[in-house]
Amino acid sequence: MNTYADAGGETFSFEAEVTQLLDLMVHSLYSNKDVFLRELISNASDAIDRLRLERYAHPEMTEPDDAPWIRVGFDRDAGTITIADNGVGMSRTEVIDHLGTIARSGTSDFLRALTGDQRGSAEAIGQFGVGFYSAFVVAEQVVLTTRRAGLDPAEAVRWTSDGRGTYTLEPVERAERGTTVVLHLRDGQEDLLNEHRLRTVIRRFCDHINRPIFLGGTESAAGEEPVNQAAAFWSRPKSELAERDYHEHYRSVTHDTTDPLAYLHSKVEGQYEYTLLLYIPGTAPYDLWLQQARSGVKLHVQRVFVLEDSGQLLPDYLRFVRGVIDSADLPLNVSREILQSSRAVDHIRSTAVKKVLRLLRGMATDEPDKYATFWEHFGSVLKEGMAEDPARRDELADLLRFPSTHAESVSLREYADRMKEGQDKIYYLLAPTLADAGASPHLEAYRAKGVEVLLLGEVVDNWVVTGLLQAYDGKRLQSVAQGDPAFGDLEDAADKERAEQADATYAGLLDKLRTVLRGRAWDVRVSTRLTSSPACIVSDGATTDAGLVDRLQGNGIPSRPILEINPDHTLVDRLDRHQDDPRFDDLAHVLFDQGVLTLGGCLEDPAAFVTRLNALLSDAD
Ligand code: ADP
Ligand code: MG
């Protein structure tokens, strides 16, 4: 909807979502109201970067090449704060697109963050691409005047809104390119009209902004000193920076409210020249699991922001890493396509991966508690590396942690170091969920022998197992739900003899079960892995990883299911003695179905299972 208003302006409605957002934001951000300054200054700085990129792409541009600046002014009498820049500015269409609608998919996530339990996360506003609207937290009216670089002074535009559903646009004259945002403060916000206050906020939030930010007045005075350092944070020498500075920088670029767990800052010189400033966050960002949303690392070329990495600079399995990579070798107009085939990028990528993994290794060794936090948030992502980056498999394997029958969390190294005498394999159980894994009958014999079994309950664990199938430190991985239990030297002579005897004793029963369960069980065998359950299902020894994939992604049953029966169980004994009983078939099927259930699988025909079970129960004396 748009109608013509009196002053030659045109009135537009915000998208419904914007109105909802504005309402919620004003209330939720109230205790963090200073955030508005960070957001508006960061927009100004982005606009300056965009101008520089455009100038590079269009050298014929006639805009004067004056030094970039950002200015924050205030007027106590008028009750206004002004943020102005000489960046790229906006055309009328751009104003409508950028300040009337919400382009990014993050909005609904942000609305959820505002209304959910973690109300504090409103501070994270900038992360969701809606930072501009934070102006309404302190302002009852916002007037933005802008002229796009390359357009005539007469093509400037003024955007005015009280943030309550509509905004107006009117054409204005503006001699210089760039944008000026005037905030008419709400009653009670007078405390902001104070030079000391504004200076402190700018220093705190914007010190890393590599453009000079001036404070006071409206005209740029010669020889004036900027409030901020105006040097790219990462280009400053490490020796000048304390942990506190890194944490502040991290928070201002990521809009995260928690400190990072670790960081690395490294200047690489030689054949290629670049700076890495990379952080390991303390919490998972909201978009960690969204497919296209990758905003971890921002590529800069000679301190100008160029693009967000989407997998060229860091592999997907390190997508939780945040920070900046600044290259001196790439052209400013670099595209994703160029990145893919650039030798400089290959070099940067392999160094960055190496350094991040080293940082994690150090954390795992020196600060295990911190590493546990890291693992809790990002372990599942890092595990993807086992499939994605075969060349670093061994290095990654040492970073993995698993729950086991013996501990909440164990590394493969710890597991290998405490293996039982005579044990030559690393045992694991893969199940749809961790709860399924822990309760599985397949563990019974291993528990009885005190052998540790890793419990793998995530879909991504498939890749881990596949990646490690050869071996870790010379020890093969062996599923406890696959093929022969293969206790190796752990099995004593008595065990072996008992198993052979049971095979002979139950030969007839096995045959009968094979007949009854034809089409369901690929084979029926006597088990050596059960102590208290009557039966379980394992997969064929020859089934390779593909079978495991099926098992987790299909109905949870291996492609060649083998029913194993416990020779010491009374139920099995009863089946053996009553092979001619009319209930034999029902019992056999129920036994098989139980095996499927304890595997964490789904019954193909639950109704048949229930009918059979009820028949058996009604028959019981
Ligand atoms: P984000 O900065 O994450 O894109 P914002 O809500 O802060 O989200 O800003 C929305 C958009 O408005 C920006 O992407 C930019 O296109 C435009 N914009 C805001 N402020 C300025 C400015 N000072 N100069 C030019 N464009 C601006
Ligand atoms: Mg912004």
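Among helices (runs of 4 or more DSSP H) entirely within the range 413-480, having at least 3 residues that are over 25 Å from the mean Cα position of the chain (by Cα), over 19 Å from Trp375 (Cβ atoms) and in the same structural domain as Pro403 (by TED's automatic domain parsing) singles out 444-449.
Taking the condition outside the structural domain of Thr275 (by TED's automatic domain parsing) and over 14 Å from the mean Cα position of the chain (by Cα), does Met386 pass? Against the criterion (outside the structural domain of Thr275 (by TED's automatic domain parsing) and over 14 Å from the mean Cα position of the chain (by Cα)), Met386 qualifies. Considered as a group, the residues in the range 220-270 that are in contact with a helix residue (DSSP H, G or I) (Cβ under 7 Å, 6 or more places away or on another chain) and over 19 Å from Gly296 (Cα atoms) include one that is surrounded by the fewest Cβ atoms within 10 Å (Cβ to Cβ), and that residue is Val268. Pairs are defined by a Cβ separation below 6 Å, a sequence spacing of at least 6 or placement on different chains, a first member in the range 25-52 that is within 12 Å of ligand 2 (Cβ to nearest atom), and a second member that is polar (S, T, N, Q) and at pLDDT 85 or above; the pairs so defined are Val35/Ser134; Phe36/Ser134; Glu39/Ser134.
Looking across the range 408-436, not a single residue is without any contact (Cβ under 8 Å) to a residue 12 or more places away in the chain and small (Gly, Ala, Ser).
Applying a threshold of 7 Å to beta carbon distances and a minimum spacing of six or more residues, or different chains, the list of pairs starting in the range 348-360 at a residue that is without any contact (Cβ under 8 Å) to a residue 40 or more places away in the chain and ending at one that is part of a helix (DSSP H, G or I) and buried (at least 20 other Cβ atoms within 10 Å of the Cβ) reads Val353/Leu318. Taking into account only those residues within the range 38-61 that are within 7 Å of ligand 1 (Cβ to nearest atom) and charged (D, E, K, R), which is farthest from Arg177 (Cα to Cα)? Checking each candidate, the answer is Glu39. The condition of being of a type in the set (A, V, I, L, M), surrounded by fewer than 15 Cβ atoms within 10 Å (Cβ to Cβ) and modelled with pLDDT under 75 holds for only one of Leu469, Leu490, that being Leu469.
Looking only at the range 331-349, filter to residues that are among the hydroxyl-bearing types (Ser, Thr, Tyr) and open to solvent by less than 50 Å² (accessible area, probe 1.4 Å); which one of those is farthest from the chain's Cα centre (by Cα)? Reasoning before the result, please.
Our first condition is that a residue be among the hydroxyl-bearing types (Ser, Thr, Tyr); within the range 331-349, this holds for 335, 341-342.
Then drop every residue that is not open to solvent by less than 50 Å² (accessible area, probe 1.4 Å), which leaves 335, 342.
Details: Ser335: 24, Ser342: 27 Å.
Ranking the candidates gives Ser342 first.
Contact map, the range 569-593: residues that are over 19 Å from Arg518 (Cβ atoms) paired with residues that are open to solvent by 10 Å² or more (accessible area, probe 1.4 Å) and modelled with pLDDT of 90 or more, Cβ distance under 6 Å, separation 6+ or inter-chain. Pairs shown: His569/Pro534; Leu571/Pro534; Val572/Pro534. Criterion applied to Ala57, Ala113 was being away from ligand 2 (no atom under 16 Å from the Cβ), over 19 Å from Thr146 (Cβ atoms) and modelled with pLDDT under 80, and the one residue passing it is Ala113.
Give me a count of the residues in the range 60-97 that are within 24 Å of Val18 (Cα to Cα) and at pLDDT 90 or above. Full working, then the answer.
From the range 60-97, those within 24 Å of Val18 (Cα to Cα) are 80-84, 89-97; that's our starting set.
This time we only want the ones that are at pLDDT 90 or above, so: 80-84, 89-96.
Final tally of qualifying residues: 13.
Scanning the range 170-220 for residues that are of a type in the set (Asp, Glu) and closer than 19 Å to Asp49 by Cα returns Glu176, Asp207. Filtering the range 148-167 to residues that are within 15 Å of ligand 1 (Cβ to nearest atom), under 38 Å from the mean Cα position of the chain (by Cα) and over 22 Å from Ala78 (Cα atoms) leaves Arg148, Ala149. Would you call Glu170 away from ligand 1 (no atom under 13 Å from the Cβ), touching a Phe, Trp or Tyr at 6+ places or on another chain (Cβ under 9 Å), among the charged types (D, E, K, R) and at pLDDT 95 or above? Yes; evaluated as a whole, the condition is true for this residue. How about the range 192-209: which of its residues are open to solvent by less than 70 Å² (accessible area, probe 1.4 Å) and either under 30 Å from Ser91 (Cβ atoms) or under 39 Å from the mean Cα position of the chain (by Cα) (or both)? Result: Leu192, Arg197, Leu198, Val201, Ile202, Phe205, Cys206, Asp207, His208, Ile209.
Out of the residues in the range 62-88 that are among the polar types (S, T, N, Q) and farther than 21 Å from Gly188 by Cα, state the one that is farthest from ligand 1 (Cβ to nearest atom).
Filtering the range 62-88 for residues among the polar types (S, T, N, Q) gives 62, 80, 82, 86.
Filter again for farther than 21 Å from Gly188 by Cα, leaving 62, 86.
On the way: Thr62: 19, Asn86: 10 Å.
Top of the filtered list is Thr62.
The values are calculated or read from the model by the stated rules, or taken from the named source; none is laboratory data. Treat the numbers as computed from the prediction; the structure is a model and nothing was measured. Because the Cβ atoms are built from the backbone with ideal geometry, glycine has one as well, and the counts that use them run over all protein chains shown. Ligands, DNA and RNA are excluded from the accessible area calculation, which covers all protein heavy atoms including side chains. Shrake-Rupley method; radii C 1.70, N 1.55, O 1.52, S 1.80 Å.
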